[in-house]
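Each remark here refers to the structure printed beneath this line.
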Amino acid sequence: MFFQRVKTQGLGHNAYMLGCGGGLAVVVDPRRDVAEYLQLARDNELRIAYCIETHRQEDFEFGSANLAEVTGAKILAGKHPLFGRTDVQVSDGEEFKVGTTRFVALATPGHTPESMSYAVYPEDTGDQCWAVFTGDALFVGDTGRTDLSDPDRTAENAGILHDSVHQKLAPLGDQAFILPAHGAGSACGGNISERDDSTLGIERATNPVFMKSREEFMTLKAGEHLPRPPYFSHMEVVNLEAGRPLPPSPGDHVLAPDAFSKASQGEIVIDTRPPEAFAGAHIPGSYNVWLDGLSSFGGWIAREQARIFIVVDQPQKAPSAIARLARIGIDRVEGVLVSGVETWREQGFPIEAFGTTSASEAARWNEEGELYILDVRDDMEWEEKHIPGAHHTFVGHLEENLPKLPKDRRIVAHCSVGNRSGLAVSILRRNGFTNVYNMLGGITAWEKLGLPLEKNAAE
């Protein structure tokens with residue numbers, strides 16, 4: 001039996017290819033760019049028979065329609081109308097077979113109303129469930145957030161999710177592997193484990209959804225405060241059609257500095273270099289979103305119809321940058337700066353820079369007074385622990401909630417290690433703040449130095 005998890009870096013997304021016997025395979029929750037799945041099928045002499053969807057997905061654009069067009073595969077999902085385009089609809093408890101492998105569809109709402117899980121019974125396991133594709137119903141160490149369909153019903157949805165896990169998934173047996181649609185780094189859960197592999201037995205002993213009563217779990221989920229990226233609303237629409245074709249190759253959009261300068265005037269420029277490099281020299285007015293963060297944070301600063309211009313530190317990274325934006329439905333990349341900032345600088349175009357600092361230096365400045373520390377992590381991270389006296393604004397909300405300070409006030413921004421604060425400082429510079437610093441190493445370095453922290457008493 002062939003089995004492969006396909007991870008999407010920067011999104012915390014897991015898709016899966018499962019060989020089902022007889023040369024047939026299924027792909028579960030595929031992303032928009034499908035070349036990797038097609039190559040896996042070719043390499044293993046498999047024909048993709050079905051694209052299986054666990055739920056509509058809000059954090060990435062589906063590739064089900066693309067796979068179906070290329071391979072002739074059928075799109076299989078539940079009967080809830082939020083699935084949109086499907087070829088085969090299955091009901092709760094319905095069995096279906098692909099090759100020699102039996103599947104059982106299970107309605108597991110709570111994360112979203114339409115959520116489905118699929119229990120897998122290979123031919124040689126008899127009535128023992130080998131694994132279950134859980135979508136966002138059950139993660140390793142966590143469950144899907146329950147606020148997306150209606151924030152006012154977060155606790156109620158959590159109760160529904162608790163019921164789904166206990167009534168539909170738990171009876172499959174402790175031996176069953178869980179195969180969730182997301183891992184660590186996903187915007188769809190607040191405390192997903194760094195581990196990829198788990199079983200229902202392990203989760204029963206460690207996961208809050210099993211360790212807490214229904215009421216306790218409802219209270220826990222109601223207390224989550226996870227940011228909802230703006231692009232989620234666009235994904236809700238396009239995923240009703242199982243995703244869209246990829247935009248044309250941007251090969252002719254590589255621009256020399258003079259052409260890049262003219263074309264990008266008044267548009268969004270995203271510099272994908274690491275925060276240290278961006279701080280040293282960058283195009284005035286550009287945003288700094290590190291390459292691995294494009295899928296997570298590109299959607300906070302750009303909408304689907306925005307014209308985007310990209311800066312990369314190496315030309316071969318441009319296709320990856322463009323793909324990471326396309327995965328969240330942002331297609332209008334209309335220029336890539338050839339040879340990056342070095343050529344821009346050498347041809348005399350204007351550059352800006354800002355400061356970086358260390359945790360130890362920031363602590364010294366703070367003791368001296370007149371320092372504004374800006375924590376740009378999310379609400380849950382802030383509530384867990386933060387620097388005494390710091391101010392908090394999540395980086396995704398910063399441009400609409402700028403500090404009400406003199407523009408020359410010294411500001412040190414930080415996150416956990418320095419990437420999100422690199423974006424934050426670029427936002428501050430775009431908005432006229434001149435005395436800004438990125439604290440590299442973030443609160444991780446601050447804590448390792450034993451510097452003061454306020455921690456949640458529950459921790």
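The values are calculated or read from the model by the stated rules, or taken from the named source; none is laboratory data. What you see is a predicted model, and the numbers here were worked out from it, not measured in a lab. Here the Cβ is made from the backbone with ideal geometry for all residues, glycine too, and neighbour counts use every protein chain on show. In case anyone asks, the SASA skips ligands and DNA or RNA and just uses the protein heavy atoms, side chains included. Shrake-Rupley method; radii C 1.70, N 1.55, O 1.52, S 1.80 Å.
Numerical summary
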quantity	calculated
Only one of 247, 180 that is closer than 17 Å to residue 115 by Cα and not polar (S, T, N, Q)	180
Any hit, region 220-228, residues being open to solvent by 10 Å² or more (accessible area, probe 1.4 Å) and touching a Ser or Thr at 6+ places or on another chain (Cβ under 6 Å)	yes
Every pair of residues 6+ apart whose Cβ atoms lie under 7 Å, when the first sits in region 183-196 and is in contact (Cβ under 8 Å) with a residue 40 or more places away in the chain while the second is of a type in the set (Phe, Trp, Tyr)	189/139; 192/139
Unmet criterion (only one of (1) surrounded by 14 or more Cβ atoms within 10 Å (Cβ to Cβ); (2) free of Cβ contacts under 8 Å to residues at least 24 places away in the same chain; (3) not charged (D, E, K, R)) for residue 239	(2)
Matching entry among 315, 247 (being under 16 Å from residue 234 (Cβ atoms), modelled with pLDDT under 95 and surrounded by fewer than 18 Cβ atoms within 10 Å (Cβ to Cβ))	247
Qualifying residue in region 329-338 (condition: within 28 Å of residue 443 (Cβ to Cβ) and either in contact with a Leu (Cβ under 9 Å, 6 or more places away or on another chain) or hydroxyl-bearing (Ser, Thr, Tyr) (or both))	no
Any hit, region 190-199, residues being farther than 16 Å from residue 115 by Cα, open to solvent by 20 Å² or more (accessible area, probe 1.4 Å) and small (Gly, Ala, Ser)	yes
Residue count, region 412-444 (criterion: open to solvent by 10 Å² or more (accessible area, probe 1.4 Å) and aromatic (Phe, Trp, Tyr))	1
Subset of region 222-243 (residues that are part of a loop (DSSP other than H, G, I, E, B) and more than 19 Å from the chain's Cα centre (by Cα))	223
Spans of strands (runs of 3 or more DSSP E) in region 98-168 with at least 2 residues touching a residue at least 60 places away in the same chain (Cβ under 8 Å) and among the β-branched types (Val, Ile, Thr)	131-135
Counted residues, region 110-130 - those being closer than 17 Å to residue 93 by Cβ, open to solvent by less than 10 Å² (accessible area, probe 1.4 Å) and either of a type outside the set (Gly, Ala, Ser) or touching a helix residue (DSSP H, G or I) at 6+ places or on another chain (Cβ under 7 Å) (or both)	6
Region 26-47 - residue that is hydrophobic (A, V, I, L, M, F, W, C) and touching a strand residue (DSSP E or B) at 6+ places or on another chain (Cβ under 9 Å) and, of those, surrounded by the fewest Cβ atoms within 10 Å (Cβ to Cβ)	38
Residue match in region 341-350 (condition: surrounded by 22 or more Cβ atoms within 10 Å (Cβ to Cβ), within 25 Å of residue 436 (Cβ to Cβ), touching a residue at least 40 places away in the same chain (Cβ under 8 Å) and out of contact with any helix residue (DSSP H, G or I) (no Cβ under 6 Å at 6 or more places or on another chain))	yes
Qualifying residue in region 144-167 (condition: buried (at least 24 other Cβ atoms within 10 Å of the Cβ), at positive phi and either in contact with a Phe, Trp or Tyr (Cβ under 9 Å, 6 or more places away or on another chain) or basic (Lys, Arg) (or both))	no
Residues being under 11 Å from residue 31 (Cα atoms) and surrounded by fewer than 24 Cβ atoms within 10 Å (Cβ to Cβ) - total across region 48-62	0
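To keep it simple, each residue is scored yes or no on (1) over 17 Å from the mean Cα position of the chain (by Cα); (2) over 21 Å from residue 380 (Cα atoms); (3) of a type outside the set (Asp, Glu).
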{"site": "146", "(1), (2), (3)": "no, no, yes"}
{"site": "156", "(1), (2), (3)": "yes, no, no"}
{"site": "194", "(1), (2), (3)": "no, no, no"}
{"site": "197", "(1), (2), (3)": "yes, yes, no"}
{"site": "206", "(1), (2), (3)": "yes, no, yes"}
{"site": "220", "(1), (2), (3)": "yes, no, yes"}
